[in-house]
Structures are given as C-alpha cells and as structure tokens.
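Reading through the structure tokens given below for one structure.
No value in this document is a laboratory result; all are computed from the given coordinates. Not measured: the values here are computed from a predicted model. Glycine gets a Cβ as well: all are built from the backbone with ideal geometry, and neighbour counts include every protein chain shown.
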Amino acid sequence: MIDIHTHLLPGVDDGSPSAVVSVRVLERFRDDGVTVVVCTPHLRATDAAKAPIDRHRAILAELVVHAPPVPELVLGWEIMLDAPGADLRAPHLHLGDSGAALVEFPRMSVPPGATQELLRIRMSGVTPVIAHPERYHQCTPDIVREWRSVGAVIQMDAVMLFGNAPMSRLARRLLEEGLVDCIASDTHGDQRNLRAAREWLDAVDAHEQAELLTTVNARRLLNREAVLPVTPIPPTDKGMLTKLRSLFSNRA
C-alpha cells in the first residue's frame with residue numbers, strides 16, 4: 001500500500017510531535033504492508049513561494065536515519081487554498097516531485113469558485129489532489145463529480161469508512177458512485193492507518209477497488225501517470241455495516 005497523505009514529519013505542524021512518535025507509526029505501517037509514505041505537512045497557498053523546503057528536507061533526512069528502511073519516505077505538502085491564484089508549479093510543492101499537489105479548502109467548507117480554482121491549477125500543469133472531500137460542509141457527490149470533470153483527483157480519508165456521522169455516510173456514498181481515486185490515512189502520529197480501510201474493502205468483496213484505492217492509483221500519481229477509474233462499490237446493508245464497524249473500528 002502507498003499512503004500519500006500523512007503528518008509524520010515531526011515537529012512542523014499539528015501532526016507527529018517527535019521522531020520517536022513518527023518511527024513508531026512507520027514501524028506499524030511497515031507491518032501493515034505500506035511501502036511508501038508521503039509526509040505532507042500543512043502549508044498555506046499564500047505561503048507557497050516561501051515554503052520551508054530546505055528545513056523540511058533536513059528534518060526528513062534525519063527521520064530517515066531512525067526510521068525503518070520500509071516504507072520509503074517522500075516529501076510533499078497539504079496545501080490549503082486560502083486564496084485563489086497561487087502558483088503551485090514548483091516541483092517541491094508536489095507529492096514527491098510528481099506534478100500532483102495535495103490541496104484542501106479552508107474552514108472545512110467548499111468556497112465559492114472552488115471548481116474554477118481547481119481548473120486553473122490543472123491548466124497550469126499541476127494535478128490537484130483534493131484531500132478528504134467528505135469532510136467539507138456543503139460537499140455533495142455532484143460537486144465532487146464536477147471537480148473530477150476539471151481534472152482533479154479525489155483522496156478520501158481511511159477513517160471515514162467507519163462510523164455513521166454525515167461525513168462517513170458521504171464518504172461511503174462517494175465510493176458507491178465511483179468518485180474516489182485513492183484512500184490515505186491522514187495520520188497525525190495517531191492510530192489512523194490504511195490497513196483497516198483495506199480490510200474493510202476486502203470484507204465487502206471490493207478486492208479490485210481496494211487495490212486501486214490503496215496502492216495502484218497512488219503509485220500512478222507519484223509516477224506522473226493518470227489514475228485509473230475505480231468501479232463503484234455496491235451499498236453495504238445496515239447489518240453488514242454494523243458488523244464491519246465493530247470488527248474494524250478499533251483499527252481505524
């Protein structure tokens with residue numbers, strides 16, 4: 001598996017506070033079968049031109065010394081689109097210099113002109129990867145479909161498969177409509193992980209989708225290749241959801 005959204009670069013944002021915490025998570029990820037982890041600390045789009053890339057490269061290099069050899073660690077950012085028009089073309093702003101930038105919207109809301117801004121980023125030659133759309137107020141499958149139509153890639157948080165809150169229900173609906181391209185942990189040095197999501201998908205017989213969502217499309221993004229379509233996952237009945245929730249909630 002490949003995790004393209006984590007906050008494991010220690011001491012730089014609200015994620016992992018130390019290398020000790022990051023190494024502990026990375027060892028668990030290794031045991032789960034994760035082979036690549038992208039460290040994506042927070043960055044405002046208005047600060048993109050002064051992103052502390054040299055400092056973060058140095059921190060990553062120090063983390064690599066203490067971390068297990070697998071998963072491979074790659075640097076990126078989670079860029080908040082706090083104002084339109086920011087230039088995100090610099091390779092160091094991307095997920096592993098891939099040409100794809102992980103982006104999010106401020107205040108967990110869909111701002112006016114969101115689609116136009118995503119189109120502008122795509123037309124600049126950068127593929128916008130939208131982090132956790134299921135968490136945005138006012139987000140709907142139709143809005144996500146619109147974002148995909150202008151070239152955006154959709155990344156869902158793994159933990160959102162579990163639970164019955166509106167965000168979790170939206171996450172599962174996006175999967176049911178084939179509107180998610182990849183799943184990531186978005187771990188902040190905590191228990192969030194990809195393994196539980198992979199097992200959840202396998203448990204509902206979505207084996208092909210599980211491979212695309214947790215491995216193939218992430219690899220293709222990092223390799224500057226177009227993501228592959230993910231077949232819609234049939235709705236899971238309430239009885240099965242309750243059973244899966246009890247089996248896997250302690251792993252999410």
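Residues in segment 141-165 that are in a loop (DSSP other than H, G, I, E, B) and under 18 Å from the mean Cα position of the chain (by Cα): 151, 152, 162. List pairs: first in segment 151-167 and closer than 23 Å to residue 218 by Cα, second part of a strand (DSSP E or B) and among the small types (Gly, Ala, Ser), Cβ under 7 Å, 6+ apart or cross-chain? Close Cβ pairs satisfying both conditions: 153/100; 155/131; 155/184; 157/184; 158/184.
This table checks each residue for (1) among the hydroxyl-bearing types (Ser, Thr, Tyr); (2) buried (at least 22 other Cβ atoms within 10 Å of the Cβ).
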site: 132; (1), (2): no, yes
site: 138; (1), (2): no, no
site: 143; (1), (2): no, no
site: 159; (1), (2): no, yes
site: 168; (1), (2): yes, no
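Filter segment 14-71 down to residues that are outside any helix (DSSP H, G or I) and among the charged types (D, E, K, R) and give me whichever is surrounded by the most Cβ atoms within 10 Å (Cβ to Cβ). Among those residues, the one meeting the criterion is 44.
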